[in-house]
Structure formats: structure tokens, C-alpha cells
1. Between B:53, B:86, B:72, which is within 9 Å of DNA strand C (Cβ to nearest atom) and buried (at least 18 other Cβ atoms within 10 Å of the Cβ)?
2. Has segment B:33-52 got any residue that is more than 20 Å from residue A:12 (Cβ to Cβ) and either within 10 Å of DNA strand D (Cβ to nearest atom) or part of a helix (DSSP H, G or I) (or both)?
3. For the structure I just gave you, tell me whether residue A:91 is at pLDDT 90 or above, out of contact with any helix residue (DSSP H, G or I) (no Cβ under 7 Å at 6 or more places or on another chain) and either within 11 Å of another protein chain (Cβ to nearest Cβ) or not in a loop (DSSP other than H, G, I, E, B) (or both).
4. Check B:58, B:116, B:37 and return the single one that is within 12 Å of DNA strand C (Cβ to nearest atom), under 18 Å from the mean Cα position of the chain (by Cα) and surrounded by 13 or more Cβ atoms within 10 Å (Cβ to Cβ).
5. Considering only segment A:101-151, state which residues are at pLDDT below 80 and facing another protein chain (nearest Cβ under 7 Å).
6. In this structure, is residue B:15 at the interface with chain A (Cβ under 8 Å from one of its Cβ atoms) and buried (at least 17 other Cβ atoms within 10 Å of the Cβ)?
7. Starting from segment B:55-82, take each residue that is farther than 14 Å from residue B:102 by Cβ and within 13 Å of chain A (Cβ to nearest Cβ) and list its partners that are outside any helix (DSSP H, G or I) and more than 10 Å from DNA strand C (Cβ to nearest atom), counting only C-beta distances under 7 angstrom and pairs at least six apart or across chains.
8. What's the number of the only condition in (1) under 17 Å from the mean Cα position of the chain (by Cα); (2) assigned to a helix (DSSP H, G or I); (3) within 15 Å of DNA strand D (Cβ to nearest atom) that residue A:18 fails to meet?
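The values are calculated or read from the model by the stated rules, or taken from the named source; none is laboratory data. Nothing here was measured: the structure is a model prediction, and the numbers come from that model. Here Cβ is always computed from backbone atoms with ideal geometry, including for glycine, and neighbour counts include all displayed protein chains.
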DNA sequence: CCATATAGTCAATCAGGTTGTCTATCATGT
DNA sequence: ACATGATAGACAACCTGATTGACTATATGG
């Protein structure tokens, strides 16, 4: 099948590779005290960043509505990764900030991703891995990381 | 950021590359008479294959419950990509088969993916692209393509 | 021939997303 | 100073896709 339709393999492998990294990340995170963290939480927390964000800003970054971003913040808040504070300069704004627990998850994620990358470097060779990263950079746009993957994938 | 956390970039680029391919596929499919096809439909139709499947089997292949698989078949049936027939040897089973319209979508998808791959080959060079594919093969498992991406990504 | 396993369906529930609406608060221009 | 318009957040209604649990119909095997 892949001989007569060589183009089919690429997207599958890309998705599979992504999933493997994410699944292994969360298996390891679970071992390190973050069993409730779901794939998209990591993305959202990174988007929130160390300085915090509002629902509107988060929605723009993630490419979803402010309501959806607000609901996601609700979830993260309920699980303890995020807390809401009010902006003293603009009482309308409620800034979502990472809690120490959230920062811990983010820091651990970064380390685990580095470890996973190192494993790939071991399997492929550092040179080949750098080439792979460079090539991916070449075919993907910079900036703009749309994270509306769940809804994007399904629908109709 | 990518200097102190080099491992963060890889998963993002993989996802982004996957999304680009899928988005361009569906933009082109829409131009070619399949405007209602959603990303996951292609995956499901490929899982159904030319010989057809039942909801239970499909659920196993996709890693979702038989009910979810049944609903997905309902959707595909409603849009005309799939039709249900009964198995004469086992009247419990209802086999979902691709309609000619569904086969057309699948064939066009294959051609479009080939074109997209050719574009990447043009941008990266055929050699580099083959190296990329080989490397992805090396770090991803064969067989077992779990396609439960929508639910997998979100949840909690 | 009955007991068990399997295929499919129905119903209730949940997560996440969307749009629309509403209120409170800021920011600006006259 | 104030009226106007823009923005932030919350609430409600609705859609899709997935889950579990319960139920029916049909095979299958002891």
C-alpha cells in the first residue's frame, strides 16, 4: 500500500510520532506526581506562561473562542494547576496564573521532553535528528500555534 | 526558549506538520467535490477499507467503543460515504461498506497526499525527505494505528 | 436445548467547542 | 464631565463525539 501511495505514510508517521512523545511524556508525568494532567493541559499551560494570561488572550493564542478558553481555565483551576487573580489596573481582567504545582508540571515536562529528544538522538544520531528538526521547521510556519486540535479533528 | 528547552520544539513541529498536511488535503478535497469531508473521516474510511467492517471491528481498530464507532458510521452514512449491508452468514452483523463516493474520496486523498509529498520533496530534496521518513519509521511503532485522536487529546 | 458470548441499538452523561446575549468596566472624543 | 463605543468576563443553549450501562436479537457450543 505504501508503495503505490507513498504520500499516505507521511501524515500518519507524523501523527504517530507526536502521539508517542505525548503519551510517553504523560506516562512519565504520572509517575512524577501529575497523573491528572491531560495532553492539552500542557499546551495550555505553556500558552499561559509564567506571566499569566486572560481568557481572551488565551483564546487568541489557542485559536478558540474566549468562552472555550475560559472553560479550559476553569478546568485547570479546578485541578489546581492555575489560579485566577484580578488585574489591579483593569478590574475587568482576571489573570490566570500558574500555581507552583502548575509550574512544577511545566518544568518537569520540559525536562522529560529533553530526555525524550535525547533518546531520539541516541536512536537516530544527533545529526539526523537536527536535520529532521530543520526540515520540519522548513515546512511548517513559525509562530501561530493553533491548539484547537480536539474540535479541529472531529466535527461535521 | 528553544535553546534552554530543545525538546519542546519537536512535538510541536510534528503536530504542526501533520496539521498542515491534513488541512491542505481537505482544502484540496473541498475543491474536488468533497467539501464535507472532515479530517477524521479519512482515517475512518481507510480503516473501513475496501472490504467493509462492522462497528465492533471498527471500534477495535480505532481504539474507541463500539457505540462511538457506530455513531461515526452513522455520520459517514448520512453524508453518503458509507452504506450498511447485512451479513448473510450472521444476521447480527451489519457491514459498513464504502460507497463509490467514499471510494472516490479515498482515491483522491491518496493522490493529493502524493502531491503534497512531492511538494515537500521539492522543498527539502527527495533525499532529505526520505531520510525524514526513515527516521520517523525508526522511532514509531509499526502496525497499530490508534485513531482515537479527538478524545485522546482533550479529556480529563 | 439451554447457557453464554457477541452485534447492534438506545439512553444518559460528560467534555469541549460554538454562538448569542448580558453586565461591568475601561477608553476616548466632544 | 459625560456619552459613546470597545473590551473582559460570565451565562445559557446547543452541537459533536466519546463513554458506560442496559437491553434485544442472534450465534455458538457443551
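1. When all the criteria are applied, what remains is B:53.
2. No: zero hits.
3. no
4. B:58
5. Once the filter is applied, which keeps residues that are at pLDDT below 80 and facing another protein chain (nearest Cβ under 7 Å), segment A:101-151 yields A:145, A:149, A:150.
6. yes
7. B:62/B:147; B:62/B:148; B:63/B:146; B:63/B:147; B:63/B:148; B:64/B:148
8. Evaluating residue A:18 over (1) under 17 Å from the mean Cα position of the chain (by Cα); (2) assigned to a helix (DSSP H, G or I); (3) within 15 Å of DNA strand D (Cβ to nearest atom) leaves (3) as the failure.
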